[in-house]
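The values are calculated or read from the model by the stated rules, or taken from the named source; none is laboratory data. What you see is a predicted model, and the numbers here were worked out from it, not measured in a lab. When we count neighbours, we look across all protein chains shown, and the Cβ atoms used for this are built from the backbone with ideal geometry, even at glycine. For accessibility, only protein heavy atoms count, side chains too; no ligands or nucleic acids. Shrake-Rupley method; radii C 1.70, N 1.55, O 1.52, S 1.80 Å.
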Amino acid sequence: MDLASVLINTVVIALPFGVGLLLVKAVHLFVSRRWFFSRTVGGPWRGVELIALSLGAGLPAYVAGLSVGWNSGGTGTACYRAVGTSMSDEGPRGELTLAERFLPLSSHCRWADGSHVELVPGWVNVVVLAALAGVAVGAAVALRGVRSR
């Protein structure tokens with residue numbers, strides 16, 4: 001299975017689920033004025049809910065960062081578009097180098113003349129790292145709930 005099919009499956013299946021979960025949680029919080037679905041303090045369910053909500057917030061942000069920041073086919077058209085030009089002879093001079101990372105999500109364009117631009121918005125990595133922290137805290141809460149039973 002290649003990366004493109006994994007991303008497509010993520011967008012088609014998990015993204016609507018994550019956004020839907022966040023909407024349901026917002027309505028629940030507004031109506032019941034309770035942070036968690038479960039009424040009991042003990043048990044693993046609060047941790048599981050925190051993991052699901054963290055993934056529901058982090059996944060759409062990560063997919064948005066991938067769709068905005070990553071170029072298609074390594075051509076660099078997204079880089080030239082980001083600096084406001086449509087052709088390579090109108091923008092920054094020199095050879096274009098693309099550096100892409102998955103975590104933290106980054107798609108960095110650098111030209112030989114020293115010009116550079118980051119295609120992924122800064123808020124994406126903040127949300128993704130907060131979601132990863134939420135998953136870790138949720139796992140700890142769930143494990144504590146299992147051990148206390």
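A quick yes/no check of all residues on (1) modelled with pLDDT under 75; (2) surrounded by 15 or more Cβ atoms within 10 Å (Cβ to Cβ); (3) on the phi > 0 side of the Ramachandran plot:
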residue: Val12; (1), (2), (3): yes, no, no
residue: Val19; (1), (2), (3): no, no, no
residue: Leu29; (1), (2), (3): no, no, no
residue: Arg33; (1), (2), (3): no, no, yes
residue: Phe36; (1), (2), (3): yes, yes, no
residue: Gly43; (1), (2), (3): yes, yes, yes
residue: Ala52; (1), (2), (3): no, yes, no
residue: Leu55; (1), (2), (3): no, yes, no
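Pull out all pairs, ordered by first then second residue, where Cβ-Cβ is under 9 Å, the residues are six or more apart or on different chains, the first lies in the range 118-144 and is touching a residue at least 24 places away in the same chain (Cβ under 8 Å), and the second is β-branched (Val, Ile, Thr) and open to solvent by less than 60 Å² (accessible area, probe 1.4 Å).
Qualifying pairs under 9 Å: Gly134/Ile51; Val135/Ile51; Val137/Ile51; Gly138/Ile51; Ala139/Ile51; Val141/Ile51; Ala142/Ile51.
With the condition kept exactly as written, say whether any residue in the range 85-104 is open to solvent by less than 60 Å² (accessible area, probe 1.4 Å), at pLDDT below 80, among the β-branched types (Val, Ile, Thr) and not in a helix (DSSP H, G or I).
yes
Considering only residues that are over 10 Å from the mean Cα position of the chain (by Cα) and open to solvent by less than 30 Å² (accessible area, probe 1.4 Å), look in the range 57-79 and name the one that is modelled with the highest pLDDT.
Of the range 57-79, the ones over 10 Å from the mean Cα position of the chain (by Cα) are 67-79.
Subsequent filtering for residues that are open to solvent by less than 30 Å² (accessible area, probe 1.4 Å) retains 69, 71, 76, 78-79.
On the way: Gly69: 65, Asn71: 54, Gly76: 73, Ala78: 76, Cys79: 80.
Among them, the one singled out is Cys79.
I'd like the full set of residues that are without any contact (Cβ under 8 Å) to a residue 24 or more places away in the chain and touching a Lys or Arg at 6+ places or on another chain (Cβ under 9 Å), limited to the range 95-110. Before the answer, list the steps.
Residues of the range 95-110 that are without any contact (Cβ under 8 Å) to a residue 24 or more places away in the chain, as a first pass: 95-97, 99, 101-102, 108, 110.
If the condition is that a residue be without any contact (Cβ under 8 Å) to a residue 24 or more places away in the chain and touching a Lys or Arg at 6+ places or on another chain (Cβ under 9 Å), then Leu96, Thr97, Ala99, His108 are the ones that fit.
Search the range 111-125 for residues being touching a Lys or Arg at 6+ places or on another chain (Cβ under 8 Å) and assigned to a strand (DSSP E or B), and hand back the single one that is least open to solvent (accessible area, probe 1.4 Å).
Once the filter is applied, the top-ranked residue is Trp111.
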